[in-house]
Amino acid sequence: MSGVIMKNAYLRVGTLEFRKWSEASTTRIKVTMDRFIGEHPKKKNDIGKAHLISVYGNDQNIGAIWSATVTGECFQVDGPGMPSISVRFDQEPLSFRGSIAISNRKWPLRHLVVISAELATTHAGDHDDYGRTIVCDSDSGFVLYRVATKFGLPVVPDWAPWFVAELTKREKIRALLGVNCSPNIVYGNKATFLRWISIAVKKKVILIPQDNESIHWDVPTSFGSINQLDSSD
């Protein structure tokens, strides 16, 4: 990445704020957030669902945010093009913590990534607890790859435009809230998608390859980061 820098990075990040009141004191912590995936509240004044946060801060602040996420506490998030909303994680989210050394800084910057149990479900069991799939990118190839991997569907990359068009026509895909990514939620289970594929193959809307060559998936792997980088002049 030498010779490449982020321009106006502050315009592309959001914030996460956690507040907690008690009789003795008030806790207010605000940290930088560079990635977020979540859902709008279903009703006014309800709490939305968080599926992913990626935040940075000092050791004390990140420790407090981690504790708040795993115990189901509410926090406020906002970002470019996204209104400020209250969200929290359901069930037992997965968390990952690390450190980033920065020159001229005595203490390293702490990094925390928290992922909802639903987003972390990469393979559906015999009983799908959700009936839906969270995808981190709106690219049609990635959407098909994510769904096919989760349900073990017999597909090829060339079917991606058809699959997303089918989801859109049937209103089985919906955009989610995102910071520096374009997440979607896909509704349906394995039986539903297999039925769509069967019908489309019979009608020759999609074709099964005649050769036995290996399949290569050309899907985004940067999680939105490439589009956030600008070459320096």
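The values are calculated or read from the model by the stated rules, or taken from the named source; none is laboratory data. Since the model is a prediction, treat every value here as computed from it, not as a measurement. When we count neighbours, we look across all protein chains shown, and the Cβ atoms used for this are built from the backbone with ideal geometry, even at glycine.
A few points about this structure:
- Residues located in region 21-60, provided they are farther than 22 Å from residue 181 by Cα, touching a residue at least 40 places away in the same chain (Cβ under 8 Å) and not in a loop (DSSP other than H, G, I, E, B): 59
- Residue check for residue 78: out of contact with any Asp or Glu (no Cβ under 6 Å at 6 or more places or on another chain), over 22 Å from residue 182 (Cβ atoms) and not aliphatic (A, V, I, L, M): no
- Yes/no for residue 133 being polar (S, T, N, Q), closer than 21 Å to residue 186 by Cα and at pLDDT below 90: no
- Taken together, the residues in region 166-190 that are within 15 Å of residue 144 (Cα to Cα) and over 21 Å from the mean Cα position of the chain (by Cα) amount to 2.
- Residue 171 meets all of the listed conditions (1) in contact with a strand residue (DSSP E or B) (Cβ under 9 Å, 6 or more places away or on another chain); (2) touching a residue at least 12 places away in the same chain (Cβ under 8 Å) but one, namely (2).
- Screening residue 95 with (1) in contact with a Leu (Cβ under 7 Å, 6 or more places away or on another chain); (2) part of a loop (DSSP other than H, G, I, E, B) gives one miss only, at (2).
- Residue, farthest from residue 181 (Cα to Cα), within region 65-75, restricted to residues that are of a type in the set (A, V, I, L, M) and surrounded by 18 or more Cβ atoms within 10 Å (Cβ to Cβ): 68
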